[in-house]
Ligand code: DWN
């Protein structure tokens, strides 16, 4: 099904079919200020499609980058200890394996608040962060991470190369899903990368998304849902080579780190992932067919669970004003009648309202003050970190609910 005749946003083929319709939802990171409650809130169609030609899974609605990532974009990477530790290990691994020193250059695309590059700075290794969101750039510059507040593109890469810059390492974590002009982005990376250099790219793995029915990680900001097959083909089109892959099952619901360079290479792990994607059918439309039915069943089960608890007079809060939380609340239709408020550590989100469903976002300390009977883990990807941090809430009788892969009380 592709009634509008959309072309693949990666390879241009017309062999694109929608396999999931999440309806019209607000932008997941467009939090609402209480003073704007009466203002119209834009909603956009959220259809997910599979390209049979290049295997890329993608959202079809085209929304300008400046709308998806406005100046008040609220996501700051530094609010998870798990992410910080993962990034620290990544940096130390690169320094060791690549022999980086004070004459190297590491460039991170979508460097956010400097959560990762600051580890290189601590080791005296020169860095350049590139990120389009001003508040995050300011935070990064404040901690000593030199950051350019721009969208990365082919044109920006040419400017940097003209200024004499070439990167020994390019890191692009959780950004290759977000780029409308994916080909321009990859061609820019190819230009900016020094001969013999390496690009590491991290993105949630589409296989984990489908297998765990993590439908809530789908939103307009996430245009592309990557696999080894898709990334290998994309890189080849720009003269780059995917040479190795690592899997982090506990990061953002399952993440792949791709190792890419100008020079061809391979690894047993990459071969195994590519072979498995073929044998599991991940590169065929049939793989995605039952997904919509599983999503509908999560919707029915979660509504039933929350409705039953409310009927018993229980109070329910949400944890994590995450973008995925917005998809979940809006698609399922979880309003303030079911979940009273949402807590989040991110001070830039506190005081705002969730998109569409308008639960107020409060500091996490509110859980101990209000002691709701249940907490719906909207940021279920950080379940262990959050539950450890909320031990006192749990000790006082609080219970947690996970929404995916199947709604349940822990
Ligand atoms: O790609 C993207 C990813 C990686 O992150 C984005 N486009 C946007 C964002 O998606 P998300 O908002 O769904 O991500 P998180 O990281 O799952 O969001 C978790 C939320 O929970 C954040 O607002 C921070 C918050 N949090 C918290 O309050 N206490 C997180 C942890 C770990 C905590 O202990």
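Throughout, read-outs are computed from the coordinates displayed, never taken from laboratory work. In this text the structure is predicted, and so the values were computed from the model without any measurement. We place every Cβ from the backbone using ideal geometry, glycine too, and count neighbours over all the protein chains shown.
Extension gain, residue 89 to residue 384: 0.36 nm times the residue separation minus the Cα-Cα distance gives 104.3 nm. Of 58, 45, 389, which is the most mobile in a GNM of the chain whose springs link Cα atoms less than 10 angstrom apart? Looking only at 58, 45, 389, the largest GNM fluctuation is found for 389.
For the Cα trace of region 259-324, dividing Rg by the Kirkwood Rh returns an Rg/Rh value of 1.26. Straightening the chain between residue 53 and residue 15 buys 13.1 nm, computed as 0.36 nm per residue apart minus the Cα-Cα spacing. In units of the rule-of-thumb radius 2.2 N^0.38 Å, region 232-364 shows an alpha carbon radius of gyration of 1.47.
Rounded is the label for region 298-409. Its Cα gyration tensor axes, ordered a ≥ b ≥ c, give a/c under 1.5. Let me make sure I get this right: for region 1-150, a, b and c are the square roots of the gyration tensor eigenvalues over alpha carbons, sorted descending. Under 1.5 in a/c it's rounded, otherwise prolate if a/b > b/c, else oblate. Which is it? Oblate, since a/c reaches 1.5 and b/c is not below a/b. Taken over the C-alpha atoms, region 77-280 has Rg and Dmax values of 16.1, 48 angstrom.
Helix 182-192 axis versus longest C-alpha principal axis of the chain: approximately 40°, rounded to the nearest ten. Please find the FRET efficiency linking residue 143 to residue 315, where r is the Cβ-Cβ separation and R0 is fixed at 51 Å, and quote it to the nearest 0.05. The value I calculate is 0.85. Beta-bridge orientation, the chain: approximately 50 percent antiparallel, per DSSP, counting only bridges with both partners inside.
Where does helix 291-311 land angle-wise versus the long Cα axis of the chain, in degrees 0 to 90, nearest 10? That works out to roughly 40 degrees. Inter-label distance, residue 272 to residue 236: 2.3 nm, where each label sits 7 Å from its Cα along the C-beta direction. Using the Cβ-Cβ distance between residue 301 and residue 103 with R0 set to 51 Å, the FRET efficiency works out to roughly 0.35.
How much of the DSSP bridge set in region 77-280 is antiparallel, in percent, rounded to the nearest 5? Walk me through the numbers before you get to the answer.
On the way: 13 of 30 bridges.
In region 77-280, DSSP labels about 45 percent of beta bridges as antiparallel.
Between the alpha-carbon centres of region 1-50 and region 194-254 there is a gap of 20 Å.
Among DSSP beta bridges lying fully in region 298-409, give the percent that are antiparallel, nearest 5. Let's see the in-between values first.
Numbers: 3 of 14 bridges.
In region 298-409, DSSP labels about 20 percent of beta bridges as antiparallel.
Using only the alpha carbon atoms of the chain, find the Kirkwood hydrodynamic radius as the inverse mean reciprocal pair distance, in angstroms to one decimal. If you can, show how the numbers build up before the last one.
Values: mean 1/r = 0.0454 Å⁻¹.
Result for the chain stands at 22.0 Å.
Site pair residue 183 and residue 44 shows an inter-label distance of 2.1 nm when each label is modelled 7 Å from Cα along Cα→Cβ.
Given R₀ = 35 Å, what would the calculated FRET efficiency be for residue 368 paired with residue 35, taking r from the Cβ atoms and rounding to 0.05?
Numbers: r = 29 Å, r/R0 = 0.82.
Between residue 368 and residue 35 the formula returns 0.75.
In this rough spin-label picture, where each label sits 7 Å from Cα along the Cβ direction, the residue 66-residue 191 distance is 2.1 nm.
Each part gets one Cα centre, and for region 377-410 versus region 67-120 those centres are 27 Å apart. If one takes the longest principal axis of the Cα atoms in the chain, at what angle in degrees, from 0 to 90 and to the nearest 10, does the Cα axis of helix 81-98 lie? Long axis of 81-98 versus the principal axis of the chain: about 10 degrees.
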